[in-house]
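Okay, structure first, notes after.
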Amino acid sequence: MNQTPDPQADSTTPLITVDVWTDVVCPWCYIGESRLHDAIEAEGLGGQVRLRAHSFELAPTSPLHSDKDNVAHMVEAQGMPEAEVREMEAKIQETVRETGREYVTERPVANTRALHRVMQALGEARGIDVATAFFMELQRGYFTGTANPFEVEAVVARAIEAGLDEQVARSAHAGQTHDEKVEAEVRDATSLGARGVPFFLFNDTYTAPGALPTEAFRQALRQIADEAQGERAQA
């Protein structure tokens, strides 16, 4: 996997690195990240796991701008009855609330490519940890109803706050730069066998598609942590 050098990388090496391919508007990505976080804390691995977000578009053919919400979009794009879509959203909301997080069932929806480009620009300028925090914050804000990732000025302001030059942020958002980096990360995921998101890669070795149950994440983290500690002891 091609990885941009991180100018802000910590000198200490985490016990576990988790690469996750994700999209802002993906509800199961939101659930998966929450379950992973809970598993990390439950296993006592706080501060020993580094999460790195990578680009993958859930719906790359979505319109750049749309006045439809997610319910209307699913009705039109998937041909599903509105009642069925609302029932599905209610079930997802119940699943999310089991993790202790909030989830609004009606949300704006549009193409997310611009957000991925800004994340890539941030990663290049400030490091992947900063870029990951930026992207995850947008995702959480989207699903809790506290942020609209399709408001250009709001996204640019968040990027500037994270340390990105304003013109760089605007150029990336407008599609003038960083498209190739988004494409490269999508290819990386595909080469690893990803067919959707979330898609996890642990310590460049083990892959896990989908939002695993918290217990499954715990078991995986436990095994990988034991292996990593054994390798360090032998080094």
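Things to note:
- Cα centre as origin, Lys/Arg/Asp/Glu Cβ charges: the chain dipole, Debye: 160
- Per residue, the accessible area of segment 81-127 comes to 46 Å² when a 1.4 Å probe rolls over the protein heavy atoms.
- Within the chain, longest stretch free of exposed GluC sites (Glu not before Pro) [DSSP loop, at most 16 other beta carbons within 10 Å]: 1-97
- Label-zone membership for segment 177-215, site Met80, 7 angstrom Cα→C-beta point, backbone N under 17 Å: 196-198, 211
- Computed lengthening from Arg195 to Gln219, 0.36 nm per intervening residue step minus Cα-Cα distance: 6.3 nm
- Carbon plus sulfur fraction of accessible area for segment 95-235, probe 1.4 Å, in percent: 47
- Environment charge of Arg113, counting only residues whose C-beta is closer than 13 Å and scoring Lys/Arg +1, Asp/Glu -1: -4
- Calculated from backbone phi, Karplus (6.51, -1.76, 1.60) coupling profile of segment 48-63 in Hz, x at Gly/Pro: 10, 10, 9, 9, 10, 8, 10, 7, 7, 8, 5, 9, x, 8, 4, x
- Relative contact order of segment 148-235, taken over Cα pairs closer than 8 Å and 6 or more residues apart, is 13 percent.
- When only alpha carbons are used to place a centre, segment 72-90 and segment 190-235 end up 33 Å from one another.
- Shown is the FRET efficiency for Ile160 and Thr17, computed with R0 = 25 Å from the Cβ-Cβ distance and rounded to the nearest 0.05: 0.35.
- For the pair Glu87 and Arg187, the difference between a 0.36 nm per residue extended length and the Cα-Cα distance amounts to 32.6 nm.
- Using the Cβ-Cβ distance between Gln167 and Ser66 with R0 set to 22 Å, the FRET efficiency works out to roughly 0.25.
The values are calculated or read from the model by the stated rules, or taken from the named source; none is laboratory data. Only a predicted model underlies this, so the values are computations on that prediction, with no experimental measurement involved. Note: ideal-geometry Cβ built from the backbone for every residue, glycine included; neighbour counts use all protein chains shown. Heads up: the accessible areas ignore ligands, DNA and RNA and are worked out on the full protein's heavy atoms, side chains in. Shrake-Rupley method; radii C 1.70, N 1.55, O 1.52, S 1.80 Å.
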